[in-house]
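Student: Let me begin by handing over the structure; questions about it come next.
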Amino acid sequence: MTTIPVDIAGRPYEVRIGAGLLSDLAGQCGARLRKPRVPIITDANVHAAWGATVTASLTAAGHEPVWRILPPGEASKSWSQLAATVDWLLAEEVERGDHILALGGGVIGDLTGFAAAIIKRGCHFIQLPTTLLAQVDSSVGGKTAINTAAGKNLVGAFHQPSLVLADLDALGTLPRRDLAAGYAEVVKYGLIADAGFFEWCEAHGAALIAGDAEARAHAVSVSVTAKARIVAADERETTGQRALLNLGHTFGHALEAECGFSASLLHGEAVALGMVLAARYSARLGLMRGQDADRIAAHIAEAGLPARLAELGLACDGAALTAHMLHDKKMDAGTLPFLLMRGIGAAFLAADVALDDVAAFLDVELAG
Ligand SMILES: NC(=O)c1ccc[n+]([C@@H]2O[C@H](COP(=O)([O-])OP(=O)(O)OC[C@H]3O[C@@H](n4cnc5c(N)ncnc54)[C@H](O)[C@@H]3O)[C@@H](O)[C@H]2O)c1
Ligand SMILES: [Zn+2]
């Protein structure tokens with residue numbers, strides 16, 4: 001097991017990464033579980049795959065797990081599921097010193113974290129991430145949110161978990177498409193600031209996706225270490241450092257919005273293509289070598305992720321995509337922070353990107 005500290009001032013916590021953590025759930029949580037009844041929020045897929053393991057560990061330690069099982073999918077990050085979940089937790093008489101368990105991917109983690117943030121003005125929660133995306137990204141850092149009619153993740157809170165247990169065994173039951181989508185966020189850490197890790201991804205990414213346990217352990221550890229460092233330095237995204245984590249996300253968000261945030265394009269798939277577009281746009285501006293952008297695109301394609309805008313078959317033009325960018329929640333006083341690259345491992349926040357030029361670039365990319 002690897003333990004990575006997240007050194008947030010006043011609220012430090014650990015991310016533990018290893019195989020078998022869910023089988024040892026009660027032992028891992030220790031005295032944090034201070035009552036017999038333990039509330040756990042999950043979705044139906046995760047419950048089917050891991051519910052029995054979690055129940056066995058908790059009951060063997062004298063606990064009684066009480067489950068709230070939500071429908072799988074992004075639609076569960078809603079006002080109605082939030083309200084119902086909060087009411088359920090209040091009926092369970094959760095107190096501020098208690099810990100709620102979030103067992104699942106980013107959808108369950110974001111919803112449960114937000115519920116924990118607002119119950120009695122904040123109670124504890126433990127992240128048990130079961131997707132690669134959740135293990136390397138969403139379970140760490142304390143961003144919680146739901147979606148509303150106005151857009152994704154527009155209502156939420158910063159609320160850090162007390163503990164994150166990333167069980168690598170959980171990845172064994174994850175569908176391949178979700179695994180590849182999560183892998184996009186792994187590659188992201190290489191592209192942001194770690195060229196050596198991008199090279200490692202080129203050498204080991206295929207093995208990781210195919211199931212190589214050592215490769216998975218290494219990738220999750222490197223990713224969490226990178227995220228923990230950035231979050232500890234800039235918890236609330238005020239100094240610009242945390243904004244680096246949005247590499248590929250401005251383009252990606254526009255693509256997700258154009259696809260109606262539907263299952264036709266998963267978040268990680270949109271980010272993968274978004275990172276290729278950020279690289280290609282950086283090359284167009286003369287910031288980065290074209291061959292480096294090609295290298296990124298080749299690796300994304302090799303992972304089975306979309307690497308060319310034309311392949312999505314979108315029936316829109318570049319201006320329609322940049323219009324979505326204007327509704328990005330990162331928009332601040334009329335300017336949109338745009339992440340570009342000076343090379344692999346050298347992402348930076350560009351202040352002066354002209355959206356009409358981005359639209360012209362996207363028109364070329366849409367045409368193939
Ligand atoms: N808070 C943050 O910092 C942050 C960062 C990135 C993404 N997110 C959010 O995360 C969400 C996406 O998360 P996700 O990609 O984990 O999606 P998800 O939670 O929808 O999980 C993907 C699918 O995999 C299934 N699943 C999960 N674990 C499984 C397992 N071990 N075995 C079998 N099936 C399993 C789920 O039921 C679901 O169908 C989005 O809502 C996004 O906004 C949040
Ligand atoms: Zn993301």
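Student: Might you let me know whether segment 181-200 holds any residue that is free of Cβ contacts under 8 Å to residues at least 24 places away in the same chain, under 20 Å from residue 307 (Cβ atoms) and not small (Gly, Ala, Ser)?
Tutor: So far as segment 181-200 goes, yes, one or more of its residues are free of Cβ contacts under 8 Å to residues at least 24 places away in the same chain, under 20 Å from residue 307 (Cβ atoms) and not small (Gly, Ala, Ser).
Student: Looking at segment 245-254 only, could you name the residues that are more than 10 Å from ligand 2 (Cβ to nearest atom) and either not aromatic (Phe, Trp, Tyr) or not in a helix (DSSP H, G or I) (or both)?
Tutor: 250, 254
Student: A follow-up question, please. From the list 165, 154, which residue is under 18 Å from residue 256 (Cα atoms), outside any loop (DSSP other than H, G, I, E, B) and more than 10 Å from ligand 1 (Cβ to nearest atom)? Don't jump to the end; show me each part of the working.
Tutor: Values: 165 fails: under 18 Å from residue 256 (Cα atoms).
The unique qualifying residue is 154.
Student: Only one of 44, 19, 9 is of a type in the set (A, V, I, L, M, F, W, C) and farther than 23 Å from residue 131 by Cβ; which?
Tutor: Matching residue, one of 44, 19, 9: 9.
Student: What are the residues in segment 171-223 that are hydroxyl-bearing (Ser, Thr, Tyr) and away from ligand 2 (no atom under 16 Å from the Cβ), if any?
Tutor: 173, 221
Student: Can you pull out every residue in segment 324-346 that is without any contact (Cβ under 8 Å) to a residue 40 or more places away in the chain and not polar (S, T, N, Q)?
Tutor: Within segment 324-346, 326, 331, 332, 333, 334 qualify.
The rows are residues; the columns are (1) within 16 Å of ligand 2 (Cβ to nearest atom); (2) at positive phi; (3) over 15 Å from the mean Cα position of the chain (by Cα); (4) not in a helix (DSSP H, G or I).
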site: 225; (1), (2), (3), (4): no, no, no, no
site: 238; (1), (2), (3), (4): no, no, yes, yes
site: 243; (1), (2), (3), (4): yes, no, no, no
site: 256; (1), (2), (3), (4): yes, no, no, no
site: 268; (1), (2), (3), (4): yes, no, no, no
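Student: Mind checking which residues of segment 168-208 are open to solvent by 50 Å² or more (accessible area, probe 1.4 Å), within 12 Å of ligand 1 (Cβ to nearest atom) and outside any helix (DSSP H, G or I)?
Tutor: Within segment 168-208, just 175 meets the criteria.
Student: Just wondering, is there one or more residues in segment 227-241 that are within 15 Å of ligand 1 (Cβ to nearest atom) and within 17 Å of residue 184 (Cβ to Cβ)?
Tutor: Yes, some residue in segment 227-241 is within 15 Å of ligand 1 (Cβ to nearest atom) and within 17 Å of residue 184 (Cβ to Cβ).
Student: Among the numbered criteria (1) touching a residue at least 24 places away in the same chain (Cβ under 8 Å); (2) out of contact with any Leu (no Cβ under 7 Å at 6 or more places or on another chain), which single criterion is violated by residue 255?
Tutor: Of (1) touching a residue at least 24 places away in the same chain (Cβ under 8 Å); (2) out of contact with any Leu (no Cβ under 7 Å at 6 or more places or on another chain), only one is false for residue 255: (2).
Student: Would you kindly identify the strands (runs of 3 or more DSSP E) lying entirely within segment 53-150 that contain at least 3 residues that are under 21 Å from residue 35 (Cβ atoms) and in contact with a helix residue (DSSP H, G or I) (Cβ under 8 Å, 6 or more places away or on another chain)?
Tutor: 64-70, 99-104, 124-129
Student: Just to be sure before I move on: is residue 97 over 20 Å from residue 139 (Cβ atoms), touching a residue at least 12 places away in the same chain (Cβ under 8 Å) and either out of contact with any strand residue (DSSP E or B) (no Cβ under 6 Å at 6 or more places or on another chain) or surrounded by fewer than 23 Cβ atoms within 10 Å (Cβ to Cβ) (or both) in the structure I sent?
Tutor: Yes.
Student: In segment 347-359, what residues are in contact (Cβ under 8 Å) with a residue 24 or more places away in the chain and either among the acidic types (Asp, Glu) or open to solvent by 40 Å² or more (accessible area, probe 1.4 Å) (or both)?
Tutor: Passing the criteria: 349, 355, 356.
Student: Which residues, taken from segment 17-57, are touching a strand residue (DSSP E or B) at 6+ places or on another chain (Cβ under 7 Å), closer than 15 Å to residue 99 by Cβ and open to solvent by 10 Å² or more (accessible area, probe 1.4 Å)?
Tutor: 28, 32, 33, 36, 37, 39
Student: Which residue, of 310, 272, 320, is out of contact with any His (no Cβ under 9 Å at 6 or more places or on another chain), touching a residue at least 40 places away in the same chain (Cβ under 8 Å) and surrounded by fewer than 14 Cβ atoms within 10 Å (Cβ to Cβ)? Write out each step before concluding.
Tutor: Details: 272 fails: surrounded by fewer than 14 Cβ atoms within 10 Å (Cβ to Cβ); 320 fails: surrounded by fewer than 14 Cβ atoms within 10 Å (Cβ to Cβ).
Answer to the selection: 310.
The values are calculated or read from the model by the stated rules, or taken from the named source; none is laboratory data. Note that the structure is predicted; figures quoted are calculated from it, not measured. In this analysis, Cβ positions are derived from the backbone assuming ideal geometry, glycine residues included, and neighbour counts consider all displayed protein chains. Quick note on the areas: whole protein, heavy atoms, side chains included, nothing else; ligands and nucleic acids left out. Shrake-Rupley method; radii C 1.70, N 1.55, O 1.52, S 1.80 Å.
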